[in-house]
Amino acid sequence: MSATIIGTSPNRVGGIGRVTGSQQYVADLRLADVLEARLVTLDCARARIISIDASAALALPGVRLVMTAADLPQPVPRFGPQLEDRPVIAVGETKYHGDPVAIVAAETKDAADAAAALVRVEYEELPAVFTLAAALDPAAPLVQDPALRPGDRLASTNVLREHPIGWGDVDAAVADVVVEHTYTFPMVTHFAIEPHAYIAAPDGDGIAVWSTIQHPNWLQKVIAKVLGMPLAKVRVFAPDPGGGFGGKQHAKYEPLVALAAIRAGRPVRLVLSLEETFQAVRRASCEVRVRTGVNRDGALVFEDIAADYLIGAYADIADRVVGKGSYPAAGPYTVPNVRILARSVLSHTVPSTAFRGFGNPQVNWAVESNLDEAALAIGMDRLEIRLRNIAHRGDAFIPFDTPADGEWSQTVTRAAELIGWGSPLPPGRGRGIALGIKSGPTTGLSYSTVRLLGDGSVIVFAGTSDMGQGARTVFAQIAAQELGAPLDWVTVVMGDTAIVPYDQQTSASRSTVLMGNSVLMACRSIQAQLRTMAARLHAVDEALVGVDRGVVHLPDRDLSVIDVLKPGLGRLGGELTGNGEVRKDADPSHPLSGAPAFFEFNCTAIEAEVDRETGDVTIVRHVTVSDVGRALNPLQVRTQDEGAAIQGLGHTLMEHYIFDEVGRIRNLGAIDYRIPTSMDLPLDLVSETIENADGPGPYGSKGMSEGALLCVAAAVGAAVREAIRVPIRDLPLTPERVWRALQERETA
Amino acid sequence: MAETHRIEVTVNGLPRMLEVPPHHTLLDVLRDDLRLTGAKECCLVGECGACTVIVDGRTVDSCLVLAVEADGCEITTVEGLAQDGSLDPLQRAFLDEGAAQCGFCIPGQLMAAHALLAGNPHPTVAEIQEGLAGNLCRCGSYLQITDAVLATAAEGTRR
């Protein structure tokens, strides 16, 4: 077999299960003797817990457990990927609407529902902060106990951390024109169609945990630490998540469910409702002030950016989101003077976490929109100002960091062509174009094992989570390509920490590059063993044997892998095993602890029409072009880019949490919180890729999956602005907001 | 223990007799009693479509139907689409078009599309998008889902 399978789009590996309903997500699993769990929460955000009376709940038939902080080891264990600030259950005080004060477990769901309603909690509501302004008020109540951050000068404020970065001298820089505006980005939620779900079961002298988690190995460490068990006694099963988008990266209620299972001595299962999932994960809202200095010839002189992100009550990974997301805020441009100050601000709201784009869409919306204002101020075309300043391949556009790893102007030019930039527009329409850049993974560790079995079939063990991006298919394609097996002879095993080697995480669009290279390395190790085998069998010098795409080349002829493998393994049979390890160590001298392995680069161009009577925005044409290095599976690349584009339209046009005065989410659930449906799509959605095989991943690939979301808001905002000739600097661009802007223009 | 009612339903061609509490939904019964977990639980308020099944030829959000209301009905779930181990043309088209990414919404999408095609064998793109508007896909595979329905309709014409 020598035909290439790389660059083709075979049916998704795992696709049959997805179209037959046989795919088992966590909530579909059934363990014998399992108890059903429910969380007990309060009807406000912040409250002092005075007492909890479980007697009525425990008196119900079938109720086996009511567990509160008082039932746990003291001090109650805390965990968190950045700061171990989150107790497994509320201790003394709830910090956001949905923070559980108790967990009940019963023989049936009905009994668990009834019991949860009967747990009587006496509490006193406390002053709380739900907005940046309230949280930053010097008199604001502190969200976090300062004792959790000893020696931190910010510990007595609600600012968790500040992230200053920059170069040049913004204060000394002189520009012909300075444009300054403030932009806001809403608080939105992931809304994976699969709500989060967890099962824990005592497993001999250890524990087994099933979770919708994206990072099973990270979860394993959290559980081991909370329970005081060695890693080898904690087995995490991570079936393919039903959508992740970052919301399933880090532990939420797994430690609580594990403790409940140990206390009950039985398996315990907690399937969150969609509403509880809204209360578990969200994206940070953000307010960004941008000052852009530009000369009349279009040269950017400086960017001065201050971004305050409203994170939640516990750090989760939110502060990393703030630091990493704001770092490339000045965009893919060569700007001589840059000052960025991003702050993560704690509040009594749902802990914010990773969400596709990782803190970048917030600043992109502001900085790209302000660039349009700058272009307008100097009378320059908005495409031209971008091409005038864009970094070219090899430019150190962020000094001392990974230089521009693509010729990005190609991507921009292609997107401009596809939107018909510069061609006449019908009345009521506008166009916008925006550029997005995101730093890829800054550290990473991905082990893999590949087994070439005696009949030439292959098993790949890779700890990536396939949450829809199609990692399983890509790894199978790599193994098929390298070892000559047909794709349906390759099995990819994921999601079991007891048998799959360690992988740090599935995030930052890393898996094709990092785990992909690891699988490639494992396959190449097997190829080396095949070379040795062929040299021995055919008495030739090993240096004269080559293996490529499943063909063993001898000096005088070519053999298939199986023709070497079978005689080479001999009468006992057996197999060849290869291991891969891709390590990207931290660099403590780098502001992000490591330069990115690659950049995700995207250009989005929009043509939009605004209904002047209703303010309704129709996306007439949505063009998204991404530099992906090389698309190993073009259909999967396309669906990821289109999916990211549509998801971006959500926070741009319709999605936002609305809070009431006690910090409850008023639009909690699918009726009042709208995400794009098949009726909200662009009339025409065009996605293309730029492929120069210049990425660090297998066969020249780069990471992708987030790029097409980064600059959707700025491109749509620009199109709407051109259509109505009024800038709107707050998202989402709901009909009401657009209509009001139109009215204000009429009045003015 | 709440009182229960006996219901008789036909699920994917098989007659089933069940004792169900009056407050349990059809989704509860399919998933918990019959262990047919293809229909998914998400919003439980009839907005996401992940639990869509076909009852007497009409699509319903099984989270909004009480099991007792389904007494005497014929129910088709995603598990009933494939016949004798071979995929239904719609399932095949979803696979070929790459419509399933994470896959969680797909059983509901398939059932909605199945009912749509039964009533309208040659839908336009607009009719498909309207017909499936009640089925959310956060992966955003809407174009591929539409293409799969169109391909299935075209396939039906050829046969």
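Please treat every number below as a calculation from the coordinates, not as lab data. What you see is a predicted model, and the numbers here were worked out from it, not measured in a lab. So basically every Cβ, Gly included, is an ideal-geometry build from the backbone, and we count neighbours across all protein chains shown.
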Here, trypsin sites (Lys or Arg not before Pro) of the range A:641-699 satisfying both criteria (DSSP loop; at most 15 other Cβ within 10 Å) are A:ARG666
Inter-part distance where the range A:187-227 and the range A:534-597 are each reduced to a Cα centre, Å
35 Å
For A:LYS109, go through the lysines and keep the ones whose alpha-carbon is under 18 Å away, minus same-chain ones fewer than eight residues off.
B:LYS40
So what's Rg/Rh here for the range B:117-159, counting alpha carbon atoms and using the Kirkwood radius for Rh?
0.98
GluC sites (Glu not before Pro) restricted to DSSP loop in the range A:588-664 with at most 14 other C-beta within 10 Å
A:GLU613, A:GLU661
Taking every pair of Cα atoms in the range B:5-80, average 1/r, invert it to obtain the Kirkwood radius, and report Rg/Rh to two decimals.
0.91
Rank the residues A:VAL561, A:VAL545 as a footprinting-exposure proxy: fewest other Cβ atoms within 10 Å of their Cβ go first.
A:VAL545, A:VAL561
The pairs in A:LYS438/A:LYS584; A:LYS95/A:LYS438; A:LYS95/A:LYS584 lying past 26 Å Cα-Cα in this model are A:LYS95/A:LYS438; A:LYS95/A:LYS584
Using every pair of alpha-carbon atoms in the range A:432-557, split the distances into 10 Å bins beginning at 0 and state the percent of pairs per bin, rounded to integers.
13, 38, 27, 15, 6, 1, 0
Mind computing the radius of gyration and Dmax over the alpha-carbon atoms of the protein assembly as shown? Å is fine for both.
27.8, 90
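Calculate the dipole size of the range A:106-187 relative to its Cα centre from +1 charges on Lys and Arg beta carbons and -1 charges on Asp and Glu beta carbons; express the result in debye to the nearest 20.
Values: 5 positive and 14 negative charges, 38 e Å.
That gives a dipole near 180 debye.
Normalising by the residue count of the range B:89-158, find the relative contact order in percent from Cα pairs under 8 Å and 6+ residues apart.
With pairs under 8 Å counted, the relative contact order is 50 percent.
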In deg cm²/dmol and to the nearest 500, what is the mean residue ellipticity at 222 nm of chain A if only DSSP H runs of at least 4 residues count, each as -39500 (n - 2.57), divided by the residue total?
-8000 deg cm²/dmol
Percent relative contact order of the range B:5-80, based on C-alpha pairs within less than 8 angstrom and at least six residues apart?
41 percent
Could I get the Rg over Rh figure for the range B:45-124? Both from C-alpha atoms, Rh via Kirkwood, rounded to two places.
0.97
Just tell me, in residue order, which DSSP H segments of chain B are both 18 angstrom or longer along the helix axis (alpha-carbon based) and at least -1.0 in mean Kyte-Doolittle hydropathy.
B:106-119, B:142-158
What net charge do the residues around A:THR473 carry, taking every other residue with its C-beta under 11 Å from that of A:THR473, with Lys and Arg at +1 and Asp and Glu at -1?
+1
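Taking neighbour counts of Cβ atoms within 10 Å as a proxy for exposure, in what order, fewest first, do A:SER589, B:SER62, A:SER507 appear?
So the ranking, lowest neighbour count to highest, is A:SER589, A:SER507, B:SER62.
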Viscosity 0.890 mPa s, temperature 25 °C: Stokes-Einstein D of the range A:600-748 from its Kirkwood Cα radius, in µm² per second?
148 µm²/s
Separation of the range A:51-95 and the range A:316-353 by C-alpha centroid, Å?
33 Å
I'd like the antiparallel share, as a percent to the nearest 5, of DSSP beta bridges with both residues in the protein assembly as shown.
80 percent
Just from its helices, what would the mean residue ellipticity at 222 nm be for chain B, if runs of 4 or more DSSP H residues each count -39500 (n - 2.57) and the sum is divided by every residue, rounded to the nearest 500 deg cm²/dmol?
-9000 deg cm²/dmol
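Arranged by the count of other C-beta atoms within 10 angstrom, fewest first, what order do A:LEU270, A:LEU126 take?
Taking fewest neighbouring Cβ atoms as first place, the list is A:LEU126, A:LEU270.
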The range A:193-300: trypsin sites (Lys or Arg not before Pro) in DSSP coil with no more than 13 other Cβ atoms inside 10 Å:
A:ARG296
Which whole-angstrom value gives the distance between the alpha carbon centres of the range B:92-115 and the range A:603-618?
30 Å
Using 0.36 nm per residue, how much length does the chain from A:ARG571 to A:LEU154 gain when fully extended, once their Cα-Cα distance is taken away?
143.2 nm
Among the aspartates and glutamates, select those whose C-alpha is under 16 Å from the C-alpha of A:LYS252, and discard any that sit fewer than 8 residues away in the same chain.
A:GLU84, A:ASP85, A:ASP99, A:GLU194, A:GLU275, A:GLU276, A:ASP316
Which three extents, in angstrom, do the Cα atoms of the range B:89-158 have along their principal axes, listed largest first?
30, 22, 17
May I ask for the net charge around A:LEU742, where only other residues with Cβ less than 14 Å from the Cβ of A:LEU742 are counted and Lys, Arg are +1 while Asp, Glu are -1?
-2
Averaging sequence separations of C-alpha pairs under 8 Å and six or more residues apart, then dividing by the length of the range A:219-342, give the relative contact order as a whole percent.
18 percent
Total formal charge among the other residues, if their Cβ is under 13 angstrom from that of A:THR449, Lys/Arg +1 and Asp/Glu -1
-3
